[in-house]
Amino acid sequence: MHTTTTTPVRSDGKDAENAPTLPFVHMWTGLDGKSRLDESVMRGFGLQSVGGGADPQWMRPFPGEVAAVLFAVLPVDWVGDWHPSPHPQWVIPLRGRWFLQTQDGSRVEMGPGDIHFGQDTETDEIDGEHGHLSGTVGDEPCWQMLIQFASSPGAPTSHPFG
């Protein structure tokens, strides 16, 4: 996969019989010990009120114990060394663009509107590379929100939540 994530939304959200799905990039460790990237989708949305008398909207409760919520700013021209994800985590770019490159040779670029679930916490060292490489793309910093979990809320497969 050498692409940006621009998977179209397949539902306008108005049909109660046609629940939306949420596309995301999933980075995980395959049986060969290498980090890899897959385009995946999250299913399981249902109509419910967020509370306070608000009309129902599509919601999807998410399992797992949140260990930390962090905000990060990756400077222009920043490239991190090869590393595994420190925890299973959602990475949500808020502004700017960034890339991920995995041990299987896949690369993806993401920006606002794209989300990523990083689950490559236990990769093998292969040819001096362990985990993934990441860095900024373009001429502005990449602002991100990270939601880290104490343990993985999904199976280490290409489609953990769908």
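The values are calculated or read from the model by the stated rules, or taken from the named source; none is laboratory data. Because the structure is predicted, anything quoted here is derived from the model rather than measured. Note that we place each Cβ from the backbone using ideal geometry, even for glycine, and neighbour counts take in every protein chain shown. Note: accessible area is taken over every heavy atom of the protein model, side chains too, but ligands, DNA and RNA are not part of it. Shrake-Rupley method; radii C 1.70, N 1.55, O 1.52, S 1.80 Å.
Okay, residues lined up against (1) in a loop (DSSP other than H, G, I, E, B); (2) under 17 Å from TRP28 (Cβ atoms):
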site: GLY118; (1), (2): no, yes
site: SER134; (1), (2): no, yes
site: TRP143; (1), (2): no, no
site: GLN148; (1), (2): no, yes
site: SER151; (1), (2): yes, yes
site: ALA155; (1), (2): yes, yes
site: GLY162; (1), (2): yes, yes
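What number of residues within the stretch 20-51 are within 19 Å of the chain's Cα centre (by Cα) and of a type in the set (A, V, I, L, M)?
Of the residues in that region, 6 qualify.
If I ask for residues that are over 16 Å from GLY154 (Cα atoms) and either open to solvent by 70 Å² or more (accessible area, probe 1.4 Å) or of a type in the set (Val, Ile, Thr) (or both), which ones from the stretch 87-104 would you list?
Of everything in the stretch 87-104, those that are over 16 Å from GLY154 (Cα atoms) and either open to solvent by 70 Å² or more (accessible area, probe 1.4 Å) or of a type in the set (Val, Ile, Thr) (or both) turn out to be ILE92, LEU94, ARG95, ARG97, THR102.
Among the residues of the stretch 108-162, how many are modelled with pLDDT of 95 or more, open to solvent by 10 Å² or more (accessible area, probe 1.4 Å) and farther than 18 Å from PRO86 by Cα?
Counting residues in the stretch 108-162 that are modelled with pLDDT of 95 or more, open to solvent by 10 Å² or more (accessible area, probe 1.4 Å) and farther than 18 Å from PRO86 by Cα gives 10.
Please work out if PRO88 is farther than 19 Å from GLU140 by Cβ and under 12 Å from the mean Cα position of the chain (by Cα). Talk me through it step by step, then tell me what you get.
Numbers: farther than 19 Å from GLU140 by Cβ: yes; under 12 Å from the mean Cα position of the chain (by Cα): yes.
The answer is yes for PRO88.
Determine which single condition VAL73 fails, assuming it passes every other condition in (1) part of a strand (DSSP E or B); (2) surrounded by 14 or more Cβ atoms within 10 Å (Cβ to Cβ).
With (1) part of a strand (DSSP E or B); (2) surrounded by 14 or more Cβ atoms within 10 Å (Cβ to Cβ) applied to VAL73, the lone miss is (2).
Filter the stretch 43-66 for residues that are of a type in the set (A, V, I, L, M) and either assigned to a loop (DSSP other than H, G, I, E, B) or open to solvent by less than 60 Å² (accessible area, probe 1.4 Å) (or both) and give the result.
Matches in the stretch 43-66: VAL50, ALA54, MET59.
Say we look at the stretch 33-42 and pick out the residues that are open to solvent by 50 Å² or more (accessible area, probe 1.4 Å) and part of a strand (DSSP E or B); which of these is farthest from GLY131 (Cα to Cα)?
Looking at the filtered set, the residue picked out is GLU39.
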